[in-house]
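Encoded as structure tokens, the structure appears first; notes follow it.
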Amino acid sequence: MSSGYVSSRSKGYIMFVAILIFLYIYCRRRNRDEILPINWPIIGMLPALLRHLSNFHDHTTLVLKHHGGTFRFEGAWFTNTGFIGTSDPMNVNHIASKNFSNYGRGSNFQDIFYFFQGSILNSHPDVWKQQRAMFNSYLKRKTFMNFFQQTMKKKLEKCLLPFLNDVSEIGAHVDLEDVFSRFTFDSICTIAFGFDPNCLPNKFNELRDIAYQKSLPVMDEVIIYRHFIPSYLWKLQKWLNVGHERKLREAEENLDRFLYESITFSKQEQCKCSSSEEMDDFLKALTKEGSGKGEMDEKYLRDNVITLFLAGNGPVSSALSWFFWLVSTHPIVEAKIIQEIKDNCPTQEENQIPSRDEYLDKLVYLHGAICETLRLYPPVPFEHICSIKSDILPSGERFSPNTRLLYSLYAMGRMEQIWGEDCMEFKPERWVSERGHIIHVPSYKFIAFNQDLEVVWLWARLSKSGLYFKSKGNGKIGTRKIAIKIKGFYSRTFVESI
């Protein structure tokens, strides 16, 4: 009887393996194209996604091109990991503008971005409206713009340019994205708290690892995994405090500790200052605005301050890194930028940048080079949203409520139907008209500065002038003295950030 039981169990195993082999052959024959992911029973297309996670954006672009700009990704059963991906500008215009009210963040968004709960990225719609109005009011102030430009100019002249000059003279190797990340982190701290933590020194040998400054890139890395792995898996890791979730918890603790300590320090400094002094930094302005509404707790201040870090740290450092890589690998573009600067900007002393906007506004070709960088390597490569009601996209794709959609800004920058057959080429000329003016492209085609999205909107308000200001300032000094040779480039923020 025992041997019969074993024999029947062995037959069961053999039959199970035979079924798996049959399903594998069946699925392979149905999908012979290696570009398209195989839709397996139970696990869906998850294996293909995980296999291409390191080059997710490039692979997604190939799949979307093969499917005419829109593709339905089938996730594992009962996991809500499926989504519709699109790079069709008409679909994007429908989602982000025409039918914007039908789309939100989705049920699992707050879980994925729990650390940012309370910020403009992950707040309740009513709170979001208040935060948006508050940030809009603050960023439009002339005092803020003056303080912003002074902060950038000072950090450029006193730290970034001397640091790059020192690197050039001693022939050292540095991670350029890390340098720009430190630069933007210090700048945002000055804008938010009124002090510079000096993560970026002016000498290479003074460079040191700083845990809280490294936190945001680590959090970017883990959050993208959360998007595509079934939630019960990463929640189990979080409960066990292992793997990526352990790295995330450590990064969150380091950043939170720094933010709360900085808020406490800033409030102590405010007490020392007279009330007649002008409120420059964000925390002072926020405290002053809420002075008649009762005491603001530190959690509220922390939530609003972290929005500035989301908007201005990773996106700007990523864009600057890609900009310098692209320019350094295109000598003709570099020569044109140098010549434009020489023709339009007055000669200044070493390690100084022009402070008058009219000089910078004449750098049209450089402006085009920055736009071209953002087209090919958008700092926010894709946007994650979820439908509230059923809908039909202009491309004809139908879906039910609570369907996740990802529209890929990265893929949109590589679509021939939007940018022509030379869409893969770095050509700043495509942004300059025959009369020498910047060509403006509709936001649903070039959405890097789309103001209808929460973080991208704030980044646009905070960083658009800052990005041009930084790039033009860096480019100008680079033509005078500092020669940066980039042997290879890999953008951590771009690959892992959303």
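Every read-out reported here was derived from the displayed coordinates using simple, explicitly stated rules and does not represent laboratory data. Given the structure is predicted, the values throughout are model-derived calculations rather than measurements. Glycine also receives a Cβ, built like all others from the backbone with ideal geometry; neighbour counts cover every protein chain displayed.
Points to keep in mind about this one:
- Of 342/362; 203/362; 336/427; 98/389; 158/284, those spanning more than 21 Å from alpha-carbon to alpha-carbon: 203/362; 158/284
- Amide H contacts of residue 84 (H built 1.01 Å from N, under 5 Å, at least 5 apart or other chain): 73, 404, 405, 406
- Between the beta carbons of residue 67 and residue 233, assuming R0 = 30 Å, the FRET efficiency works out to 0.60 to the nearest 0.05.
- Placing dummy labels 7 Å off each Cα toward the beta-carbon, the span from residue 242 to residue 300 is 4.2 nm.
- A simple rule links phi to the HN-Hα coupling: the Karplus curve 6.51 cos²θ - 1.76 cosθ + 1.60 with θ = phi - 60°, which for segment 129-143 gives 4, 5, 5, 4, 5, 5, 5, 4, 5, 5, 6, 8, 5, 5, 4 Hz, with x for Gly and Pro.
- Computed from backbone phi, the HN-Hα couplings of segment 209-217 come to 6, 10, 4, 5, 6, 7, 5, 4, x Hz, rounded to whole numbers (Karplus: 6.51 cos²θ - 1.76 cosθ + 1.60, θ = phi - 60°; Gly and Pro given as x).
- Burial ranking of peptide ranges 76-88, 198-210 (average Cβ count within 10 Å, highest at the top): 76-88, 198-210
- For the pair residue 250 and residue 392 in one chain, pulling the backbone fully straight at 0.36 nm per residue adds 46.9 nm over the alpha carbon distance.
- Using θ = phi - 60° and Karplus 6.51 cos²θ - 1.76 cosθ + 1.60, couplings along segment 422-427 (whole Hz; Gly, Pro as x): 8, 5, 7, 8, 8, 10
- FRET efficiency for the residue 77 to residue 416 pair, using the beta carbon distance and R₀ = 35 Å, is estimated at 0.45.
- A Förster radius of 35 Å, combined with the Cβ-Cβ distance separating residue 53 from residue 211, puts the computed FRET efficiency at roughly 0.85.
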